[in-house]
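Reviewing the structure listed below.
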Amino acid sequence: MKSHFLKRYPIILLLVVWSLGTGFAFSEELLWTQPSTELPDWVRHEVIYEVNVRQYSEAGTFAAVEADLDRIEELGVKTLWFMPIHPIGELNRKGELGSYYSIKDYRDVNPEFGTKADFKSLVDAAKARGMKVILDWVGNHTAWDHPRTATNPDFYMKDADGGFMPPPEFPDWSDVIQVDYDNPDVLDWHIEEMRYWITEFGIDGYRCDYATGIPTEFWDKLSAALLETKPDLFMLAEAEVADHQLTAFHASYGWPMMHAFDDVAQGKQPASYLDDVLNRMRLEFPHGADFLYVTSNHDENSWNGTVFQRLGGGVETFAVLTYIFDGIPLIYNGQEAGLDKRLEFFVHDPIDWREHHLFDVYRTMNNLKAGHSALATGAPSARIPSTMDESAYALLRNTDSGKVLFVGNLTAKDIEVSIGSGDIAGSWIDAFDGSPVELEATAEFELDSWEYRLLVQGE
């Protein structure tokens, strides 16, 4: 039996041994033998652009975002995710303006941002440009002064004294109270609230905040109901819960990879560590599971540091890697302008919009993601062996219609590296300057610190 197991499941044994040495803990059940949900076709070439309305402009309004849609379209973005747009609770509010994630009314909009008509105008203007719109849904908790606290107090968990309480896992989230998912009526409540934005505003998907806090069975039922309303609705879980992608969600957050980027950039791990993390994710999640790859978002920027603080000279290189990995890339508004400050969370703190070379980098990558079959989510990918796997990372995305090859130096030191594969031999075009490149099956690269090459064949 032992030899049969080793022959059939060698990767599991190797990863278990590796996990013991690295401190990684596996999920209770590995789901890699089960199929995942099927990603809606329209998502496969998409890049998600996170919009923080409050900090997007001096005005901090829907109208200001709408006025900037031409620039966003030029950037090549086709999917907008809006952080919560709803009124913010006043009772136990944090800071001057409060947290977007303390929802007072699921069916209204924050008056600081404008009116429902203003938001509808923004959505319609985005759709006229061929864009999709995703809303942030905060289901785990509401504000203390949400109307349901008066009309349906049984929708909420209670503390030992019978009063409302913050989420048990996060008692410092003192501006919100925990919804009780043991109450079956809560499901119908959320389904109807979420359907409202689909039917009345044409919303194309939901990014579900702190999806970990809500039972998977609840998400399964809710997702099924919403997909009856809009079959190509995109459901994204802000979570790392593997069984979410058996039925409920189309994609999960690739948090492990974002943290791996940090560790590699800071010299705590070798470049090959990225493969270790990918292998673990592939085992834990169902076969074909999809992930959102990020270098920043609102939480990381505000609480843990800018990309320049966390990734140093590797900011551009790791940004490109979010497109090269098989997944869905995310841009947090301002990254294309070289956002180098932590945006305050509870007060108005506008982005400093400026010309920056990262705009051209993101535009090039967005256009490649949109138009090249090899960067479609789900297209095959393979690590190419190199003579310096501890420093260099080479990845090939390959379809019948074309190829994309990334070769990057993930360190602050200049390197000379050779890579080898029969699949790389031939004529290539540099994705950024359009110059022709000829490669043999064994190819040598001299790469300065953090330098990378991105080569394309075909469409």
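The values are calculated or read from the model by the stated rules, or taken from the named source; none is laboratory data. Note that the structure is a prediction, hence the values are computed from the model and not measured. Cβ sites come from the backbone with ideal geometry, for glycine too, and all protein chains shown count toward neighbours. Remember, those area values only see protein heavy atoms, side chains included, never the ligands or the DNA or RNA. Shrake-Rupley method; radii C 1.70, N 1.55, O 1.52, S 1.80 Å.
Kindly provide the trypsin sites (Lys or Arg not before Pro) of region 191-289 that DSSP labels as loop, not H, G, I, E or B, and whose Cβ sees at most 15 other Cβ atoms within 10 Å.
When the trypsin sites (Lys or Arg not before Pro) of region 191-289 are filtered for loop state and at most 15 Cβ neighbours within 10 Å, Lys268 remain.
Once R0 is set to 30 Å, what does the formula 1/(1 + (r/R0)^6) return for the Cβ-Cβ distance between Asp108 and Asn367, expressed as a FRET efficiency to the nearest 0.05? Display every interim value, and only then the final one.
Working: r = 37 Å, r/R0 = 1.24.
The value I calculate is 0.20.
If the limit is 31 Å between Cα atoms, which of Lys158/Lys341; Lys94/Lys268; Lys94/Lys158; Lys94/Lys230 go over it?
Numbers: Lys158/Lys341 39 Å; Lys94/Lys268 35 Å; Lys94/Lys158 21 Å; Lys94/Lys230 36 Å.
Listed pairs above 31 Å: Lys158/Lys341; Lys94/Lys268; Lys94/Lys230.
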Enter the accessible area of His259 (Å², nearest 10), with the probe set to 1.4 Å and all protein chains included.
90
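Which length gain, in nm to one decimal place, applies between Asp188 and Glu200 when the Cα-Cα distance is subtracted from 0.36 nm times their residue separation? If you can, show how the numbers build up before the last one.
Values: separation 12, 0.36 × 12 = 4.32 nm, distance 1.79 nm.
2.5 nm is the gain from fully extending Asp188 to Glu200.
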Given labels modelled 7 Å from the Cα in the Cβ direction, how far is it in nm from Glu217 to Glu440?
6.3
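Carbon and sulfur atoms: what percent of the 1.4 Å accessible area of region 344-459 do they account for?
On the way: 2470 of 5280 Å².
After summing per-atom areas, the C and S share lands at 47 percent.
For the chain, give the magnitude of the charge dipole about the Cα centre (Cβ charges: +1 Lys/Arg, -1 Asp/Glu; no others), in debye to the nearest 20. Don't skip to the end; give the middle numbers.
Numbers: 36 positive and 75 negative charges, 137 e Å.
Dipole about the Cα centre, nearest 20: 660 debye.
For region 163-310, what % of the accessible area comes from carbon and sulfur atoms, probe 1.4 Å? Provide the component values of the computation, followed by the final result.
Values: 2430 of 5010 Å².
C and S atoms contribute 49 percent here.
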Taking H as built 1.01 Å from N, whose amide H comes closer than 5 Å to the amide H of Lys132, not counting residues under 5 places away?
Thr79, Leu80
Pairs of alpha-carbon atoms within less than 8 angstrom and 6+ residues apart define the contacts here; what relative contact order does region 133-260 have, in percent?
24
Accessible area of region 235-292 divided out per residue, in Å², using a probe of 1.4 angstrom:
28
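Roughly how many Å² is the accessible area per residue of region 52-122, as a whole number, for a 1.4 Å probe? Display every interim value, and only then the final one.
Values: 2540 Å² over 71 residues.
Result: 36 Å² of accessible area for each residue.
Over the chain, what is the relative contact order in percent, taking alpha-carbon pairs closer than 8 angstrom and at least six residues apart?
Details: 920 pairs, mean separation 69.7, N = 459.
Relative contact order here is 15 percent.
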How many nm is it between the label spots at Glu74 and Glu90, if each spot is 7 Å from the Cα in line with the beta carbon?
4.2
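Multiply the residue gap between Asp352 and Asp340 by 0.36 nm, knock off their C-alpha separation, and tell me the result in nm, one decimal place.
Working: separation 12, 0.36 × 12 = 4.32 nm, distance 0.90 nm.
Full-extension gain reported as 3.4 nm.
Which of the GluC sites (Glu not before Pro) found in region 65-169 are in a DSSP loop and have at most 10 neighbouring Cβ atoms, other than their own, within 10 Å? The partial results should precede the final answer.
Working: sites: Glu66, Glu73, Glu74, Glu90, Glu96, Glu112, Glu169; in loops: Glu90, Glu96, Glu112, Glu169.
The qualifying sites are Glu96.
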I'd like the accessible area for His372: 1.4 Å probe, protein heavy atoms, all chains in place, Å² to the nearest 10.
0
Take the Cβ-Cβ distance between Glu29 and Lys158 as r, set R0 to 35 Å, and report the resulting FRET efficiency rounded to the nearest 0.05.
0.60
Estimated vicinal HN-Hα couplings, Hz - region 286-301 in sequence order (Karplus 6.51, -1.76, 1.60; Gly, Pro = x)
x, 4, x, 4, 10, 10, 8, 9, 9, 10, 7, 7, 4, 5, 4, 5
FRET efficiency for Thr115 and Arg383 from the Cβ-Cβ distance with R0 = 51 Å, rounded to 0.05, comes out at 0.50
